[in-house]
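A quick write-up on the structure given underneath.
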Amino acid sequence: MDVKNTIPRREILATAATAFTTALFTGNVKGANDRIAVGFIGLGAMGSGNLGYAMKVPELQPVAICDVYKPHEQRAVEAAKKGGIDVKVVKDFRDVIANKSIDAVCISTPDHWHAYMTVEACKAGKDVYVEKPSCVYVEEGQKMVQAARKYNRIVQAGTMQRSGGYFQKAAELVAGGSIGDITFCHTFQSGATKQAGYGNPPDSNPPDDLDWDMWLGPAPKRPFNAIRWGVKAAGFPTFRYFWDYAGGAMTDWGVHLIDPLHQCFHEVMPTSVVALGDKYYVTDNTETPDTMQATFHYPKFLATYESRTCNPLPLFGREGAGTTIHGTEGTILVTRSGCWVIPNPKSSLPAAAWEKNPEMSPMNLPHWKNWAECIKTRQKPTSEIETCVRSSTTCLLANLSMRFQTRLDWDEANWTVKQEAAKPYLKARYSSPWKLEV
């Protein structure tokens, strides 16, 4: 594919454009019955799920899908048909973004594409739903926020727990001061990874039905490797464990675990970060650690992140992943399964539990409904992009601290770190001809 430095935007075939425009919302707030035309970019594990949620929101109309891997396209088309929806297959994501009859886009690509596509969509007047983590480089996140503000776009991030009742309850409890003064928080995940991990296949030719060059896009040019790609028609994508495309468990699970703290404490950032980790056990060709611990110094409390992918012991006898908030009167444990208040010894605080509640459990569908509502009202969505950028940046700083074996001090005013030697690693490094410009 010939890609020029200007990266031209081509229009979709006229027949497809005509099909998109019928009775759909096209950028202006209309009546309650108008529908929002949505294009889906990236139809892997997350993208398929997002398409499914969107089809359950009456205000949304999926109209186009785009993926560089043909089996993903086919699976998405079949899923849409089962839901009574006819979607158009678009080969190049830039055609989805450029098409004026599409009102909004959902970006569920590998992480290294999130920032570029979001910025370009905002520039084209599209509202955006983008998966977490928001970015791979700190600078990318900053530009995503700038683009949303400059072009007045509604950008919802995929930190869907914010729309879940258990996490909203935790924020309510913290705001109400029920557990007293808070000085410590802990986030954790555990698992039982096999020593062989995902294996060590040699580099090879990419599948005939995959556009590997486009999959790489702004990332460094690398030979195809089945684990480095790690995106199959079904299964868990392993690209997350290579630094070129993501940030390992820290930006995969860690964002979901750190984000509730930011939700509870009004989006405050840590002032400093220290982290250690390594591959102590797993022998596959992935790059990110199998074991990691990070410490975050926030203005009024200390927080830690613990990743034990080689040991599945749950904490509190309940969960293999979660967020705890420790106060002078008690502790809040919040997970996707529930929210619990655990009193301290001799505290008068009563124990409380919210779990297995059908009204509080849903997260994804309420999150999509919130995005649709905000597109029409132009109000701030639950996971407005800056919230996810802050949580993602916190995790990116932990990875940088670990990789370069140094403490990092955050400079909030300038959205950078105080350590000069680390500053170059906050900036996006895109392969030509891709450029991130707001």
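With respect to Thr109, is the statement that it is open to solvent by 10 Å² or more (accessible area, probe 1.4 Å), modelled with pLDDT of 95 or more and either assigned to a strand (DSSP E or B) or not aromatic (Phe, Trp, Tyr) (or both) true?
Criteria met by Thr109.
Evaluate the range 71-81: report whether one residue or more is open to solvent by 50 Å² or more (accessible area, probe 1.4 Å), touching a residue at least 24 places away in the same chain (Cβ under 8 Å) and over 16 Å from Ser48 (Cβ atoms). Working first, answer last.
Within the range 71-81, the subset open to solvent by 50 Å² or more (accessible area, probe 1.4 Å) is 74-75, 78, 81.
Add one more test, that the residue is touching a residue at least 24 places away in the same chain (Cβ under 8 Å), and what stays is 75.
Then drop every residue that is not over 16 Å from Ser48 (Cβ atoms), which leaves none.
Checked against the condition, which is being open to solvent by 50 Å² or more (accessible area, probe 1.4 Å), touching a residue at least 24 places away in the same chain (Cβ under 8 Å) and over 16 Å from Ser48 (Cβ atoms), the range 71-81 yields no hits at all.
Say we look at the range 407-429 and pick out the residues that are open to solvent by less than 50 Å² (accessible area, probe 1.4 Å) and in a loop (DSSP other than H, G, I, E, B); which of these is farthest from Gly141 (Cα to Cα)? Give the steps one after another, and end with the answer.
So the first thing to find is which residues in the range 407-429 are open to solvent by less than 50 Å² (accessible area, probe 1.4 Å), and the list is 408-411, 415-417, 419, 422, 426, 428.
Still in the running and in a loop (DSSP other than H, G, I, E, B): 415, 419, 428.
Details: Trp415: 10, Gln419: 19, Ala428: 10 Å.
So, considering only residues that are open to solvent by less than 50 Å² (accessible area, probe 1.4 Å) and in a loop (DSSP other than H, G, I, E, B), the one farthest from Gly141 (Cα to Cα) is Gln419.
Looking at (1) over 12 Å from the mean Cα position of the chain (by Cα); (2) farther than 21 Å from Pro433 by Cα; (3) aromatic (Phe, Trp, Tyr), can you tell me which one Tyr116 breaks?
Going through (1) over 12 Å from the mean Cα position of the chain (by Cα); (2) farther than 21 Å from Pro433 by Cα; (3) aromatic (Phe, Trp, Tyr) one by one, Tyr116 breaks only (2).
Taking into account only those residues within the range 82-99 that are among the basic types (Lys, Arg) and touching a residue at least 60 places away in the same chain (Cβ under 8 Å), which is least open to solvent (accessible area, probe 1.4 Å)? Spell out the reasoning first.
Initial filter on the range 82-99 (among the basic types (Lys, Arg)): 82, 88, 91, 94.
Then keep just the ones that are touching a residue at least 60 places away in the same chain (Cβ under 8 Å); that gives 88, 94.
Values: Lys88: 66, Arg94: 12 Å².
Top of the filtered list is Arg94.
If you scan the range 330-353, which residues turn out to be surrounded by fewer than 18 Cβ atoms within 10 Å (Cβ to Cβ) and assigned to a strand (DSSP E or B)?
If the condition is that a residue be surrounded by fewer than 18 Cβ atoms within 10 Å (Cβ to Cβ) and assigned to a strand (DSSP E or B), then Ile342, Pro343, Ala352, Ala353 are the ones that fit.
Please go through the range 126-140 and give me each residue that is β-branched (Val, Ile, Thr) and more than 19 Å from Phe242 (Cα to Cα), ordered by number. Steps first, please.
Applying the first criterion (β-branched (Val, Ile, Thr)) to the range 126-140 yields 128, 130, 136, 138.
Once the filter is applied, which keeps residues that are β-branched (Val, Ile, Thr) and more than 19 Å from Phe242 (Cα to Cα), the range 126-140 yields Val128, Val130.
In the set Phe242, Phe184, Phe265, Phe167, which member is in contact with a Leu (Cβ under 6 Å, 6 or more places away or on another chain) and either over 24 Å from Met117 (Cα atoms) or modelled with pLDDT of 95 or more (or both)?
Working: Phe242 fails: in contact with a Leu (Cβ under 6 Å, 6 or more places away or on another chain); Phe265 fails: in contact with a Leu (Cβ under 6 Å, 6 or more places away or on another chain); Phe167 fails: in contact with a Leu (Cβ under 6 Å, 6 or more places away or on another chain).
Testing whether each residue is in contact with a Leu (Cβ under 6 Å, 6 or more places away or on another chain) and either over 24 Å from Met117 (Cα atoms) or modelled with pLDDT of 95 or more (or both) leaves just Phe184.
Confirm whether Leu276 is open to solvent by less than 40 Å² (accessible area, probe 1.4 Å), within 30 Å of Ala428 (Cα to Cα), among the hydrophobic types (A, V, I, L, M, F, W, C) and modelled with pLDDT of 95 or more. I'd like the intermediate steps shown before the answer.
On the way: open to solvent by less than 40 Å² (accessible area, probe 1.4 Å): no; within 30 Å of Ala428 (Cα to Cα): yes; among the hydrophobic types (A, V, I, L, M, F, W, C): yes; modelled with pLDDT of 95 or more: yes.
Answer is no for this residue.
A quick yes/no check of all residues on (1) on the phi > 0 side of the Ramachandran plot; (2) touching a residue at least 12 places away in the same chain (Cβ under 8 Å); (3) open to solvent by 10 Å² or more (accessible area, probe 1.4 Å):
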residue	(1), (2), (3)
Gln189	no, yes, yes
Gly197	yes, yes, yes
Gly217	yes, yes, no
Arg228	no, yes, yes
Gly235	yes, yes, yes
Val282	no, yes, yes
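Of all the residues that make up the range 383-406, how many are polar (S, T, N, Q) and surrounded by fewer than 20 Cβ atoms within 10 Å (Cβ to Cβ)? Give the derivation first.
Quick first cut of the range 383-406, residues polar (S, T, N, Q) only: 383, 387, 391-394, 399, 401, 405-406.
Imposing the further condition that a residue be surrounded by fewer than 20 Cβ atoms within 10 Å (Cβ to Cβ) reduces the set to 405-406.
Number of matching residues: 2.
If a residue must be buried (at least 19 other Cβ atoms within 10 Å of the Cβ), of a type outside the set (Val, Ile, Thr), part of a strand (DSSP E or B) and in contact with a Phe, Trp or Tyr (Cβ under 6 Å, 6 or more places away or on another chain), how many such residues does the range 284-309 contain?
2
Name every residue in the range 17-67 that is assigned to a loop (DSSP other than H, G, I, E, B), among the β-branched types (Val, Ile, Thr) and modelled with pLDDT of 95 or more, in order of residue number. If you could, list the steps in order and put the result at the bottom.
So the first thing to find is which residues in the range 17-67 are assigned to a loop (DSSP other than H, G, I, E, B), and the list is 21-23, 26-34, 42-44, 55-59, 67.
This time we only want the ones that are among the β-branched types (Val, Ile, Thr), so: 21-22, 26, 29, 57.
If the condition is that a residue be assigned to a loop (DSSP other than H, G, I, E, B), among the β-branched types (Val, Ile, Thr) and modelled with pLDDT of 95 or more, then Val57 is the only one that fits.
So, of the residues in the range 124-150 that are within 24 Å of Tyr53 (Cβ to Cβ) and charged (D, E, K, R), which turns out to be farthest from the chain's Cα centre (by Cα)?
In this case the residue turns out to be Lys126.
Taking Ala124, is it buried (at least 20 other Cβ atoms within 10 Å of the Cβ) and among the small types (Gly, Ala, Ser)? Even if it seems obvious, please write down each step before you answer.
Working: buried (at least 20 other Cβ atoms within 10 Å of the Cβ): no; among the small types (Gly, Ala, Ser): yes.
Considered against the rule, which asks whether it is buried (at least 20 other Cβ atoms within 10 Å of the Cβ) and among the small types (Gly, Ala, Ser), Ala124 comes out as no.
Just to be sure before I move on: is Ser361 open to solvent by 50 Å² or more (accessible area, probe 1.4 Å) and polar (S, T, N, Q) in the structure I sent?
No: the conditions fail for Ser361.
Name, by its number, the condition in (1) of a type in the set (Val, Ile, Thr); (2) touching an Asp or Glu at 6+ places or on another chain (Cβ under 6 Å); (3) closer than 18 Å to Lys132 by Cβ that does not hold for Thr393.
For Thr393, the exception is condition (2).
Which one of Gln146, Gln156, Gln168 is surrounded by fewer than 22 Cβ atoms within 10 Å (Cβ to Cβ), in contact with a helix residue (DSSP H, G or I) (Cβ under 9 Å, 6 or more places away or on another chain), of a type outside the set (A, V, I, L, M, F, W, C) and under 30 Å from Glu355 (Cβ atoms)? Let's see the steps before the verdict.
Numbers: Gln146 fails: under 30 Å from Glu355 (Cβ atoms); Gln156 fails: surrounded by fewer than 22 Cβ atoms within 10 Å (Cβ to Cβ).
Going through Gln146, Gln156, Gln168 in turn, the sole match is Gln168.
Picking from Phe184, Phe188, which residue would you name as being assigned to a strand (DSSP E or B) and in contact with a Gly (Cβ under 8 Å, 6 or more places away or on another chain)? I'd like the intermediate steps shown before the answer.
Numbers: Phe184 fails: in contact with a Gly (Cβ under 8 Å, 6 or more places away or on another chain).
Result of the check over Phe184, Phe188: Phe188.
The values are calculated or read from the model by the stated rules, or taken from the named source; none is laboratory data. Everything quoted here is computed from the prediction, not taken from an experiment. Backbone-built Cβ (ideal geometry, glycine too); neighbour counts: all protein chains shown. In case anyone asks, the SASA skips ligands and DNA or RNA and just uses the protein heavy atoms, side chains included. Shrake-Rupley method; radii C 1.70, N 1.55, O 1.52, S 1.80 Å.
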